[in-house]
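S.K.: Handing you this structure, nothing more for now.
The values are calculated or read from the model by the stated rules, or taken from the named source; none is laboratory data. Computed from a prediction, not measured in an experiment: that's the story for all the values here. Here the Cβ is made from the backbone with ideal geometry for all residues, glycine too, and neighbour counts use every protein chain on show. Note: accessible area is taken over every heavy atom of the protein model, side chains too, but ligands, DNA and RNA are not part of it. Shrake-Rupley method; radii C 1.70, N 1.55, O 1.52, S 1.80 Å.
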Amino acid sequence: MNKVLSQTLGYPRIGRRRELKRALEGFWGGKLGDGELLQAWHEVEAEGWRVQQAAGLDRIGVGDSSLYDPVLDWAIRFGAIPERHRGRTGWDLLFGMARGAGDAAALELTKWFDTNYHYLVPEIDSRWEPVPEFTDYLSTLGRAAEVLEGCAVPIVLGPVTFLRLSRTDLSIQEGLRRILPAYRELLQEIRDLRRGAWGVPEVQLHEPALVLPHSAEDRPLYEMAYGELTSLIPLQLVTYFDDLGESFSWASRLPVPSIALDFTRGDNRSLLRKHGWPKETTLSAGLIDGRSVWRFDPERTLPLAEEIRQHAPLRVSPSSSLQFVPHSVQAEAGLPDFLAGVLAFADEKLLEVTQLAAYLNGEQATSIFEAGASAWAGYRAVIPAQTDLAQRIGALNSNDFARTTDYVGRRPTQIQLPAFPTTTIGSFPQTREIRSLRRQRKEGVLGESEYQAGIDQAIRETVRAQDEIGLDVLVHGEFERTDMVEYFAERLHGFAITEHGWVQSYGSRCVRPPIIYGDIDRPAALTVREFIVAQSATSRPVKGMLTGPVTILNWSFPRADIPRREIAFQIALALRSEIRDLEVAGARLVQVDEPALREGLPLRPERRAEYLAWAVDAFRLATGGARPETQIHTHMCYGDFGDVIEAIDRMDADVISLENARSGDETLEELARFGYRRQVGPGVYDVHSPAVLSLEAAMGKLRSFHRHLPPDQIWVNPDCGLKTRDWPEVLASLRNLVAAARQVREEV
């Protein structure tokens, strides 16, 4: 048999200590110049290449790094520049499209398939004629070639996926006709590099849109694109995040020498058995899960690898880019031994890939499998899969998942507010002073009582600011929370928190997902003390603020030995107890945020109903014990909600706030068509841009909302939390938000 090669599809791009994040924020703050930012970026990029090279990979994907977002980079390279941003160049153009500039709004931000990474949506109008500019990309490839000495493989976003991810009034077929010459030009440029001393055998074209439901109707597009492009240079077609479904039979026979598939999600294994594989095409099997922090299980993976090799010439790779996991377990000194032994972050997964390839090649590489088996045995001895909590979940009945009174009956008993009531989503700016408080507590400079006194002062000042602005419903500001999921994970049993386990969410925004390793329960109240402090500082109502069970699950790395449904229900029971304690403390409104509920929707339609059933049930389990007079809010953001409106309705939240500032009013139109009767807060203020919300823009949004929904259904709020913004822009924007609500209130 042919030698089994190892390869990568992408690597974390923020730096081991978030060096790129700090450089970006220093640049935006005027503390770093262009050259210093460029140097920081290139150093992070080169370190990633060296780590992959040291792991012994045969082929290393390069060109996926970015100062903000690779999809945005490709939009600029193909000349997809919205009219409002034309005239800018260089980083002024890049960061203007990413974050907004003056009156020119940023591109829409939305989720990258079913991950927690956000990409910027390219905008393409009917006048677009691609004007390719690949200088920056080719420069990256040149630097990579110098470091990697013959094993660098360019990563390029595929043409069909680029168009499918774009907002465009062109047909996909017409868009493809226009963009293919630009792809030909790029591949010819790479071919010319290859004819130099580069020696790279192929280019990876990433087409994750192949796993989407409409891929079958796109068959002529893929056949057209790859029939034209494959003659220029050998291509590897790369797709991930799910199986190919009904497209497997033809997609596996596209005219490319190699195809990479994900064997950790979906069921490409069964599809391979059913349809076979063309003998002339290499199959790069994603056997190492690029989105999980757990070591692979040899008992499952080795037989699967051997089976695949019976069908096709085989390569081994991660299932996707490794950007979705932290850099290295070796940086985590505080994890218990039984847990650390069964974890694998990006660097460890590189070794899993190379050693799995070595094993399949008959080389001496069994130690990693023996060590893994021993580590898993140690973990299972400490954390059994079946517990008393599982029995408790099994004993739940339908009454546990429903409010005692329906929405029509309970609304008159809830807090009464004027039309277009104003509020925020939860967090307020996390200033240098707040971060200093946390750092001093961690270093032992401040005791717990001194730390809490500082947090309480920030809460009272923030409540006072909201009072002065005139918001109708206030929040405490969440200054005690580093992150909306991590905060709860730190206080619930069953979670582990890493010290350096950062992953990129978008741009310079990084999160540190907790690791769920055991059964979850609540040893004490989580948020009640801060609620009491805030409510005691105002006569206006203050919302209790919780993160929902599905979001905590989806924004963590879940354990792999029990169903995700069971984990969600465990979290929901803990939150149910917290809502009860908030009610006792006087809360009349409680917000249970579920921004990740839509994000977790399976990509294949046939699996969506099951997910939505238990995901909504988890929310209902968390909130079902609330009193009728308690108004339950929830928040969802950055996704298309049309295909989950029935699920949103079944959640039975009294008020839902939605991202809307960068979007049109499609979601409101869909809610109106559906006949949604509960209250809705479409976002008015784009919190991911430093631009101040103007009074005119806010009023325009509210008048637009009123065209779709009656006044008694509409709340007025920002898109999301205000944590990443600065106080001056927040105060100015919220004043305009409140003023707009009052003026529109008078109009209607």
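S.K.: Please report the orientation-averaged projected area of the range 652-716, defined via the convex hull of its C-alpha atoms, in nm².
M.R.: In nm², the orientation-averaged hull projection of the range 652-716 is 4.4.
S.K.: Related question: Excluding ligands and nucleic acids, what accessible area in Å² is computed for K21 using a 1.4 Å probe, to the nearest 10?
M.R.: For K21, solvent-accessible area is about 40 Å².
S.K.: Per 10 Å bin, what percent of the C-alpha pairs of the chain does each bin hold, from zero upward?
M.R.: Bins of 10 Å from zero give 3, 14, 24, 27, 20, 10, 3, 0 percent of pairs.
S.K.: In whole percent, how big is the carbon plus sulfur part of the accessible area of the chain, probe 1.4 Å, protein atoms only?
M.R.: 48 percent
S.K.: In what order, largest first, do H708, H85 sit by accessible area if the probe radius is 1.4 Å?
M.R.: I get H708, H85, largest accessible area first.
S.K.: For the range 103-159, just the Cα set please: Rg and Dmax, both in angstrom.
M.R.: 15.9, 46
S.K.: In addition: Report, please, the projected area of the range 505-659 averaged over directions, based on the convex hull of its C-alpha atoms, in nm².
M.R.: Seen from a random direction, the Cα hull of the range 505-659 projects 10.3 nm² on average.
S.K.: Okay, helix-only estimate at 222 nm for the chain: each DSSP H run of n ≥ 4 adds -39500 (n - 2.57), divide by all residues, round to 500 deg cm²/dmol; what do you get?
M.R.: Value at 222 nm, helices only: -13000 deg cm²/dmol.
S.K.: To continue, here is another question. From largest accessible area down, sort R269, R576, R627, R707; use a 1.4 Å probe on the protein chains.
M.R.: Highest to lowest solvent-accessible surface, that is R707, R627, R269, R576.
S.K.: Where in the range 1-44 is the amide nitrogen less than 12 Å from a point lying 7 Å along the Cα-to-Cβ axis of Q330?
M.R.: Answer for the range 1-44: none.
S.K.: Report, in cubic angstrom per residue, the convex hull volume of the C-alpha atoms of the range 1-93.
M.R.: Dividing the Cα hull volume of the range 1-93 by its residues yields 111 Å³.
S.K.: So what does V382 come to for accessible area, using a 1.4 Å probe and Å² rounded to 10?
M.R.: Around 80 Å² of this residue is reachable by solvent.
S.K.: Would you kindly state how much longer the chain becomes between A381 and E746 on full extension, computed as 0.36 nm times their sequence separation minus their alpha carbon distance, in nm to one decimal?
M.R.: In short, 124.8 nm is gained.
S.K.: To test your reading of the geometry: what angle, between 0 and 90 degrees and rounded to tens, separates the Cα axis of helix 432-442 from the longest principal axis of the chain?
M.R.: Approximately 80 degrees, to the nearest 10.
S.K.: Which order do the peptides 733-742, 228-237 come out in when sorted by mean C-beta neighbours inside 10 angstrom, highest first?
M.R.: Those peptides, ordered most packed to least, come out 733-742, 228-237.
S.K.: Round to the nearest 0.05 the FRET efficiency obtained for R269 and E443 when R0 = 56 Å and r is the Cβ-Cβ distance.
M.R.: FRET efficiency, R269 to E443: 0.65.
S.K.: A further question on this structure: For A54 and E450 in one chain, what is 0.36 nm times their gap in residues minus the Cα-Cα distance, to one decimal in nm?
M.R.: 137.9 nm
S.K.: When 1/r is averaged over all different Cα pairs and the result inverted, which Kirkwood radius in Å belongs to the range 389-433?
M.R.: That comes to 15.4 Å for the range 389-433.
S.K.: Still on this structure, please answer the following. How long is the gain from T405 to D169 if the chain were fully straight, where each residue apart is worth 0.36 nm and the alpha carbon distance is subtracted?
M.R.: Here the answer is 80.4 nm.
S.K.: Sticking with this one: If I ignore ligands, DNA and RNA and count only protein heavy atoms, how much of S374 is accessible to a 1.4 Å probe, in Å² to the nearest 10?
M.R.: In the full protein context, S374 sits at about 80 Å².
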